[in-house]
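See structure below.
Derivation of every value follows stated rules applied to the coordinates shown; laboratory data play no part. All values reported here derive from a predicted model rather than from experimental measurement. All Cβ positions, glycine included, derive from the backbone under ideal geometry; neighbour counts span all protein chains shown.
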Amino acid sequence: MLKHAILEAATRLFIERGFHNTTVEDIASAAGMSEMGVYREATSKQEILLAILDRELDELSADLHSVVNTDLRPEEKLRLAIQMYVGRISEDIELSTLVLLEYRSLEPDFQARHIIRRDRLEQLWRQILREGVRAGVFRPVDVSVVSFAILGMQNWMFSWYQQYGRLKPLELSDRFADLIFRGIQVEKQSFHRSAD
């Protein structure tokens with residue numbers, strides 16, 4: 001793991017200036033280190049960006065693991081997972097923007113390493129959906145497509161979410177969950193007694 005000072009300095013600079021407009025010299029200066037000191041910790045700016053992205057994905061994955069490993073019903077797990085994910089994204093929208101967009105700045109080898117972590121995160125969403133399908137709570141949906149839809153809905157918050165806007169994160173996550181449930185939840189049958 002790279003030194004905290006390097007990660008924090010690089011994160012701040014990548015947010016402010018963008019990855020391509022930030023040099024290793026800039027990161028070293030902001031971290032209170034020499035450029036050589038940074039290179040002793042990381043082989044390149046690419047490695048620093050990957051470490052930042054991986055750290056954030058690991059935190060999201062830890063959140064989802066804690067939900068998946070509960071004894072909650074699948075629909076409760078899904079609602080809680082959405083609450084936690086929306087909470088993370090809304091907590092620092094600038095950092096979320098960095099994580100969601102700058103992965104495209106990674107060179108192919110680094111991007112391939114990042115995608116492995118991203119895929120593991122996506123699998124946790126699919127696991128919750130599969131549990132719901134098996135339990136008969138969710139319709140037999142294509143869990144890959146639904147998980148992409150859920151992630152897309154939440155990830156694109158970076159383009160419109162305002163911290164002091166009309167909806168707080170919990171209210172927003174509940175609206176997302178309600179919308180998703182309308183699409184995938186098995187409708188409860190109402191039984192009427194016929195007149196004798």
Mind putting a number on the dipole of segment 1-42 about its Cα centre? Charges go on the C-beta only, +1 for Lys and Arg and -1 for Asp and Glu, and I need it in Debye to the nearest 20. 80 debye
Given H placed 1.01 Å from N in the peptide plane, which residues other than close sequence neighbours of Arg139 have an amide H under 5 Å from its amide H? Gln185, Val186
If I fit a long axis through the Cα atoms of helix 4-17 and take the longest principal axis of the Cα atoms of the chain, what angle between them do I get, 0 to 90°, rounded to 10? 80 degrees
Computed for the chain: size of charge dipole around the Cα centre, +1 on C-beta of each Lys and Arg, -1 on C-beta of each Asp and Glu, debye to nearest 20, value 660 debye
Just flag the trypsin sites (Lys or Arg not before Pro) in segment 102-196 sitting in loop per DSSP whose Cβ has no more than 14 other Cβ atoms within 10 Å. Arg166, Lys188, Arg193
How do Val38, Val143, Val186, Val133 line up, fewest other C-beta atoms within 10 Å first? Val186, Val133, Val143, Val38
Ranked from highest to lowest mean number of other Cβ atoms within 10 Å per residue, what is the order of the peptides 15-22, 146-153? 146-153, 15-22
Inter-label distance for Leu72 and Glu107, nm, one decimal - labels placed 7 Å from Cα along Cα-to-Cβ: 4.2 nm
Using the Cβ atoms and a cut-off under 13 Å, what net charge is assigned to the surroundings of Leu172, where Lys and Arg are +1 and Asp and Glu are -1? +1
Measuring from the longest principal axis of the C-alpha atoms of the chain, the long axis of helix 169-184 (C-alpha) lies at a number of degrees, nearest 10, equal to 50 degrees
Fewest first, what order do Met84, Met36 take by the number of other Cβ atoms within 10 Å? Met36, Met84
